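Report on one structure; see the data block that follows.
Derivation of every value follows stated rules applied to the coordinates shown; laboratory data play no part. Please read all numbers here as calculations on a predicted model, not as lab measurements. With ideal geometry, Cβ positions are generated from the backbone for all residues, glycine too; neighbour counts draw on all protein chains shown.
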Amino acid sequence: MTAKRPKLHHLNWNLLHTFLVIVEERSITRAADRLLVRQPSVSAALQRLEETLGGQLVQRDSRRFVLTKRGELLHKECVDIYRSVARIGEKLSEEHDELTGLVRVQLITHMVLPAFDRALSLMSRRHPGVTVRVEVASSQDIVRSVSQRLSPFGFCLLPNPLAGLNCRHLLREEFGILCGRDHALHGRAGVPLHELADEPFIALACGQDGALEPMVSLREGAGLGSRTVGASPNLEEVARMIAAGMGIGILPLASVQDALDTGTLWNLSGAGGGLGADLYFVSSPAMGLSAAELAFQRLFEDMLEAESAPPEIIDNPLIAGLTLPLA
């Protein structure tokens, strides 16, 4: 007696795409990070796909991740489907693009923003004649440059939106008070600020002029940093001096996550320490943008909208909403 086939008329590509990413990452958690959604959304999508197909696709526990035979067959088909759809996109984008020019983007050091990275990638593919110049500057200098219409837009840390500028809030960047492995306070979390007031301090130089709000609020509120023994405009060098035991310092956690994971740096403020600053995309309403600058800004805004879309909606407009009939 032949096996009963699933009663399917159409299969939503979004579920297949999620499954493909899960297999590539071999982890529900990493797949959620890549898709920019929460882990429960990815787990629910996998469960819905398994229910639709009438069988388990993945065997997983805390130590292993193994595809079932059904999962292996589906993965092969998903790879073939994805390649076919990608070829459609390449064919439709082969028309000659005449757009040229320079796009100047100013941003703070070590900004972590996936939407910006994807916008750069799409800009390169869609408009190969456009040159993008990325400049690292302090938040104060970025605001000044945009206000004076010397730069079309920038990414900076602000305590509040600024009058006279378009300020789009992007995210809250978390900071930590860090020390090195050999520091006397290593291993402690949630250390009160008054205990740190007299500690030797390593400063990120671009934060000394008021550009980085966490440094300013701590310095003024608790006297942190009164004994500055080292400084650099380069985040890696500040991290190096902290790791070497010269003193404590304040840095964005996302930028030093690897050092935190290996124990080279330690977060004295602990999880949920409350240190942070808001990242904004700023532009001047009085500045007329070139065609190249407009194209980049639209791509970036499209990527932001894609991030805020429901989990089942994916970035590629050729794929989103596509349903594929099963034989």
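Fewest first, what order do Glu51, Glu24, Glu174 take by the number of other Cβ atoms within 10 Å?
In order of increasing Cβ crowding within 10 Å: Glu51, Glu24, Glu174.
Counting other beta carbons within 10 Å of each Cβ, put Ser139, Ser124, Ser41, Ser145 in order, fewest first.
If I rank by nearby Cβ atoms, fewest first, I get Ser124, Ser41, Ser145, Ser139.
How large is ³J(HN,Hα), in whole Hz, for each residue of the range 149-161 in order, when computed from phi with the Karplus curve 6.51 cos²θ - 1.76 cosθ + 1.60 and θ = phi - 60°, using x for Gly and Pro?
Per-residue couplings from phi come out as 6, 8, 9, x, 6, x, 10, 8, 9, 9, x, 8, x Hz.
Set the Förster distance to 56 Å, then compute FRET efficiency between Ser226 and Arg70 from the Cβ-Cβ distance, nearest 0.05.
0.30
For Met287 and Val132, calculate 0.36 nm times their separation in residues minus their Cα-Cα distance, and state this gained length in nm to one decimal.
54.0 nm
Set the Förster distance to 51 Å, then compute FRET efficiency between Ala163 and Ala254 from the Cβ-Cβ distance, nearest 0.05.
The calculated FRET efficiency here is 0.95.
Please list the non-local residues whose amide H lies under 5 Å from the amide H of Ala231, H modeled 1.01 Å from N, same-chain partners needing a gap of 5 or more.
Close amide H contacts, sequence-distant or interchain: Ala203.
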